[in-house]
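See structure below.
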Amino acid sequence: MTELLPKTKAVEMFMLYGHLFHPGQLKGRGEVTVLYIGPEEYYTECTVTQFCKRLIKECHIDEELVRRFARETLGQRKHVPLILQRDFVLVPFGCRGFSNPYHRTVYACHSSVETYMVNPEDSLCTLILRDQHTFELACSRRQLMRQLRNADHVRNRYIIRSRPPLNEGYPRI
């Protein structure tokens, strides 16, 4: 972790150039959120859930509506992708090793995921992101693929719902 960012600046920079944020622990500071923004790695002093809520608030949308839309679209309750803008979808992955329930999720921007690698021996997946970032997840290939497919599905459903009907606004001939 290279540099501490204030929460408001971290949110603004993540909206523009962010790839992934995950829980971390820093000696003397406690729980921090580690951010991959552009080619750099930063941190801010808050839990992952607090940072996610600030991102949603920055997009001027209601958190409950975002979560309800994803839940209804997918028919699942836990770890639903969050669509904050047309091309800004956060894909959640579970993260072990933290006792705080508000500090146990990794969020990756769907558009930043370039590819992934799977190590079948210890069931670890490595996400390969833009700007040469990598992050190891403790999940199977199947779980990783399901989360990425779910993010695609939620995004496509959002685009279909936000598109105006084809025959509206044009004069009849």
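The values are calculated or read from the model by the stated rules, or taken from the named source; none is laboratory data. None of these values were measured; they are calculated from a predicted model. Neighbour counts are summed over all protein chains in view; Cβ atoms, including those assigned to glycine, are modelled from backbone coordinates with ideal geometry. Remember, those area values only see protein heavy atoms, side chains included, never the ligands or the DNA or RNA. Shrake-Rupley method; radii C 1.70, N 1.55, O 1.52, S 1.80 Å.
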Exercise. Would you confirm whether any residue within the stretch 17-35 is of a type in the set (A, V, I, L, M, F, W, C) and part of a helix (DSSP H, G or I)?
Key: no
Exercise. Test residue 113 against the stated conditions and say whether it is under 18 Å from residue 134 (Cα atoms), open to solvent by less than 20 Å² (accessible area, probe 1.4 Å) and in contact with a His (Cβ under 9 Å, 6 or more places away or on another chain).
Key: no
Quiz item: Are there any pairs with C-beta distances below 7 angstrom linking a residue in the stretch 77-95 that is buried (at least 17 other Cβ atoms within 10 Å of the Cβ) to a residue that is of a type in the set (Phe, Trp, Tyr) and modelled with pLDDT of 90 or more, with the two at least 6 apart or on different chains, and if so which?
Solution: 83/158; 90/107; 91/107; 92/107
Exercise. Return yes when residue 170 is among the hydroxyl-bearing types (Ser, Thr, Tyr), at pLDDT below 90 and in a loop (DSSP other than H, G, I, E, B) and no when it is not.
Key: yes
Quiz item: Can you pull out the residues in the stretch 16-37 that are crowded, with 16+ Cβ neighbours inside 10 Å, of a type outside the set (S, T, N, Q) and either closer than 19 Å to residue 89 by Cβ or modelled with pLDDT of 90 or more (or both)?
Solution: 17, 18, 19, 20, 21, 22, 23, 32, 34, 35, 36, 37
Quiz item: Given the conditions (1) on the phi < 0 side of the Ramachandran plot; (2) more than 13 Å from the chain's Cα centre (by Cα); (3) open to solvent by 90 Å² or more (accessible area, probe 1.4 Å), which single one is not true for residue 100?
Solution: (3)
Exercise. Tally the residues that are in contact with a Leu (Cβ under 9 Å, 6 or more places away or on another chain), open to solvent by less than 40 Å² (accessible area, probe 1.4 Å) and either touching a residue at least 60 places away in the same chain (Cβ under 8 Å) or charged (D, E, K, R) (or both), restricting the search to the stretch 136-151.
Key: 2
Quiz item: residue 65 fails exactly one of the following numbered conditions: (1) over 15 Å from the mean Cα position of the chain (by Cα); (2) in a helix (DSSP H, G or I); (3) under 17 Å from residue 104 (Cα atoms). What is the number of that condition?
Solution: (3)
Exercise. Go through the residues of the stretch 65-74 one by one and say whether even a single one is in contact with a strand residue (DSSP E or B) (Cβ under 7 Å, 6 or more places away or on another chain) and among the hydroxyl-bearing types (Ser, Thr, Tyr).
Key: no
Exercise. Answer yes if at least one residue in the stretch 14-27 is charged (D, E, K, R) and touching a residue at least 12 places away in the same chain (Cβ under 8 Å), and no otherwise.
Key: no
